[in-house]
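None of the figures in this text is laboratory data; all of them are computed from the coordinates on show. Predicted model only: the values in this text are computed from it and were never measured. Cβ coordinates were reconstructed from backbone atoms using ideal geometry, including for glycine residues, and neighbour counts include every protein chain displayed.
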Amino acid sequence: MKLQDKVAIVTGAASGIGLAIANLFVAEGAQVVYADINEGGLKLDSARAIFAKCDVSSSLELDALIKTAIDKFGHLDIMVNNAGIGSLGGILDTTDEVWEKTLRVNLFGVFYGARAAARAMKERGVKGEIISLSSILGTVGLPGAVAYSATKGGVVQLTHAGALDLAPYGIRMNAIAPGFIATNMTKDVLGNPDFQKMVTANTPLGYVGEPNDIAQAALYLASDASKYVTGTVLYVDGGWTAR
Ligand code: NAP
């Protein structure tokens, strides 16, 4: 068990990548708060797993989420800022509304989660780990995804800068940059045969990834196996960014 007695929060844990991460953490011995804006079809059958409703675009809700984890499990070791929304639109047609909503969830949400977790860890002398979901689109461009790409690039720099601020306290901060992964978020675009063809053609390994590929990366970053790793972006993308 790689996370025995650790306490973790995973945001966006009712679906896709977040659900895979939270389930793997429970299987590895952690006590996990599954946080999401909607409980959806989530069924938790372990005493080490609870659900907490949280909209990550609100800093107040994230502060309350950290308190929930500490009230229930005593402390917080691992924060996974995973919740995010997809957003399509190029620079010519992205509206103020789409721009603001995407930033609020995907970038403000990661900042609020990282800050609230870091404050709680520092206060209690916990040498914790903060993991945030970026994307290949945080590093390379794709036409028609300007707001989404901007948020994921923001997560990369938030991770670099935050890791430096937190290193003196022994708190680590890293990001994961997935390539295309089969989840609800990508169901519609990957359902388009031309788009699916473009994705596999641009992925050197030649196929779309699965949520567990990202969960395994999160487990590595959450565990002591990565104790000397901070301020990095771990690409789990079938080789997309190697081209
Ligand atoms: P997903 O299946 O849509 O899951 C995202 C979860 O986050 C959903 O349960 C969603 O709830 C929830 N959520 C949305 N807005 C929220 C908010 N304001 N507060 C709290 N929870 C919220 O997506 P996914 O593919 O697993 O994506 C997870 C993360 O990986 C995201 O940050 C995404 O950008 C990143 N990522 C995904 C891919 C990919 O190919 N799938 C690639 C690179 C990066 P609702 O369903 O009710 O909206």
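Of note:
- Averaged over residues, the count of other Cβ atoms within 10 Å places the peptides 19-32, 39-52 in the sequence 19-32, 39-52, highest first.
- Distance cut-off 26 Å, percentage of C-alpha pairs in region 1-121 lying past it: 20
- When the chain is described by a simple charge dipole with +1 on each Lys and Arg Cβ and -1 on each Asp and Glu Cβ, the residue from Val105, Ala175, Ile70 located farthest towards its positive end is Ile70.
- For the residues Asp36, Asp194, Asp77, a GNM of the chain with alpha-carbon springs under 10 Å puts the largest fluctuation on Asp194.
- In the chain, the DSSP-assigned H stretches of four residues or longer account for a calculated mean residue ellipticity at 222 nm of -13000 deg cm²/dmol, using -39500 (n - 2.57) per stretch and the full residue count as denominator.
- Computed from Cα positions, the angle between helix 59-73 and the longest principal axis of the chain comes to roughly 50 degrees.
- Total lysine pairs in the chain at Cα distances under 23 Å, for residues eight or more apart or on different chains: 28.
- Taking 7 Å steps out from each Cα toward its Cβ at Ala167 and Phe195 produces label points 4.0 nm apart.
- Along its principal axes, region 7-237 has C-alpha extents of 49, 36, 34 angstrom, given from the largest down.
- With respect to the chain, whose longest principal axis is taken over its alpha-carbon atoms, helix 16-27 is tilted by about 30°.
- Placing +1 on the Cβ of every Lys and Arg and -1 on the Cβ of every Asp and Glu, with nothing else charged, gives region 44-184 a dipole about its Cα centre of roughly 460 debye.
- Sequence of Tyr34, Tyr112 once ranked by neighbouring C-beta atoms within 10 Å, starting from the fewest: Tyr112, Tyr34
- Its Cα centre serving as origin, the chain has a Cβ charge dipole (Lys and Arg +1, Asp and Glu -1) of approximately 540 debye.
- Comparing mean-square fluctuations of Ile66, Ile91, Ile17 from a GNM of the chain with C-alpha springs under 10 Å, the top value falls on Ile91.
- Projecting the Cα atoms of Leu19, Ser226, Ser149 onto the charge dipole of region 7-237 (Cβ charges, centred on the Cα centre) puts Ser226 farthest toward the positive pole.
- In degrees, nearest ten, helix 109-124 long axis to first principal axis of the chain (Cα): 20
- Neighbour counting of Cβ atoms within 10 Å sorts the residues Val110, Val98, fewest neighbours leading, into Val98, Val110.
- Relative exposure of Met198, Met121, judged by other C-beta atoms within 10 Å (fewest first): Met198, Met121
- Candidates Leu190, Ile214, Gly89 compared by Cα position along the dipole of the chain: farthest toward the positive end lies Ile214, with charges placed on Cβ.
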